[in-house]
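The values are calculated or read from the model by the stated rules, or taken from the named source; none is laboratory data. What you see is a predicted model; the values in this text were computed from it and never measured. Note: ideal-geometry Cβ built from the backbone for every residue, glycine included; neighbour counts use all protein chains shown. Areas reflect the complete protein model, heavy atoms only, side chains present, ligands, DNA and RNA absent. Shrake-Rupley method; radii C 1.70, N 1.55, O 1.52, S 1.80 Å.
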Amino acid sequence: FLGAGKPPMYGDYEAQRHWQEVTYNLPIRQWYFNTSSNNLLYWGLDYPPLTAYHSFLCAYIAKLINPDWIALHTSRGYESQPHKLFMRTTVFVADLLVYIPAVILYCFSLKETSTKKKASICALCILLYPGLILIDHGHFQYPLSLGFALWAVLCLSYDWDLLGSVAFCLALNYKQMELYHSLPFFCYLLGKCFKKGLKGKGLVLLMKIAGTVVASFAVCWLPFCTDMEQIMQVLRRLFPIDRGLFEACMFSSSPPHCKFANVWCSLSVLIKIKNIVSSQTQLKLSFAVTFLSLLPTCIKLTVQPSLRGFKFALVSCALSFFLFSYQVHEKSILLASLPVCLIINEIPFMATWFLLVSTFSMLPLLLKDGLLLAYTVTMLAFLSVCVASFSIFEKTSAEDLQLKQFSLSVKGYVSWFKSFPKIVRSLFLLSVTLMGILSLLSAVVHPPQRLPDLFPVSVSVISCLHFLLFLVYFNVVILWDSKNTRSQKKIS
């Protein structure tokens, strides 16, 4: 694990272990406060209450096995093979209980996967997505927020709107980054209420959903609702806006910390935004650009709510948040990758391409974790399975890429659109080749002394350019999609 055996912070693995130590040994009212027993500068809790409860549950089990694992103060930096086995088991159990069943049920519920074989292939491709495997089991994170979000999508696909609302509230109360998915959920459900009529069934549904959301949040936050200061302190920990647009970015003069492929960090190669613009202006700029980039998708989804449009909107909005929002982390690309996994059966070529790039964008982090071999094996396995299962190179026509309506709109203006499939295949091969070369160079070649961050910068900037093109693509698919209108008429 990154930071293993390296004081004073030891890495993300220690963060998860330390949260177990804090939640088990301290009263709830001290979990998010800086005290003599809880130094917030040392991996202080900065996720919502559900993460804290999960840490407490893991700590309770750890205490039964070996109390030294979570002993207050003395367990700091604790690393042993039995404890690593225990921690890895907790991630695997979370996968088995929440994420994997949701993936399997989702794939078997799709109309496009009419046979068990097709559903099994779809599930295999999603479960083989390298990014999630490497982050959850290599970098050490828990898949619960993405698992709950997937359960929410599954519930909405069956029109179980209240259960879907509960599931998404659980996702949001596990990790605040689920805000990346919040607008599509809000717009889709609001659009359904509008379609039913806000003077009749639609109003009843809206009130039920609102009540469900309020009740779900109330249950999750109940122990922290003793006074307003508790609530405000938790919120301050969840949204540390005083840190600036991005933390100690690797492209700045400070020591490398974050290596991510969003617009602000990539732009900082040329323009030192943090030195030119104040923190408050950075926040406003980030909010404005993010809002404008996702506005068309949200309007379309509200006016024409459909399950298909909802899934594409999840991709587009999450990608907008990743590219333009405030305080992004490289691992946040998983929030855009999950909904891409959900449409891999509809656009296998573009989905496979996106998921490869999303994993590649985290390469600097994965190399620091010592995951080069795991990265190489999982990437090759995923690409091989997708090529074999979906025959992705045969599905590059405008219709296969969901661009038929758009192609009809620009047919008279763009002469090269007829050769579009060949161009797309060539770009894909060029992209994969470039990612392979950069991965190899990053792993085995020492950069020039004058440019020590050459390879990480190249990875981040190239990934960012890919994501910008993907954002344009997904927005075009959504805005020119006539299937949404047809399916909505059938629902009505």
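Data table
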quantity	calculated
Single match in 170, 162 (criterion: open to solvent by 50 Å² or more (accessible area, probe 1.4 Å), assigned to a helix (DSSP H, G or I), at pLDDT 95 or above and over 24 Å from residue 238 (Cβ atoms))	162
Residue selected from segment 395-437 under the condition among the aromatic types (Phe, Trp, Tyr) and touching a helix residue (DSSP H, G or I) at 6+ places or on another chain (Cβ under 9 Å), by the criterion modelled with the highest pLDDT	428
Residue that is most open to solvent (accessible area, probe 1.4 Å), among those in segment 44-85 that are in a helix (DSSP H, G or I) and polar (S, T, N, Q)	81
Complete set of residues in segment 312-336 that are over 14 Å from the mean Cα position of the chain (by Cα) and of a type in the set (D, E, K, R)	none
Hits in segment 258-276 - residues which are open to solvent by less than 50 Å² (accessible area, probe 1.4 Å) and in contact (Cβ under 8 Å) with a residue 24 or more places away in the chain	258, 259, 260, 261, 262, 263, 264, 265, 266, 273
All positions within segment 370-397 that are assigned to a loop (DSSP other than H, G, I, E, B), open to solvent by 20 Å² or more (accessible area, probe 1.4 Å) and more than 19 Å from residue 337 (Cβ to Cβ)	370, 391, 395, 397
Criterion: closer than 30 Å to residue 126 by Cβ and more than 25 Å from the chain's Cα centre (by Cα) - qualifying residue of 33, 86, 92, 108	86
Evaluation of residue 328 against (1) within 26 Å of residue 185 (Cβ to Cβ); (2) assigned to a helix (DSSP H, G or I) (one fails), failing number	(2)
Test: residue in segment 202-211 that is part of a helix (DSSP H, G or I), under 17 Å from the mean Cα position of the chain (by Cα) and surrounded by fewer than 20 Cβ atoms within 10 Å (Cβ to Cβ)	no
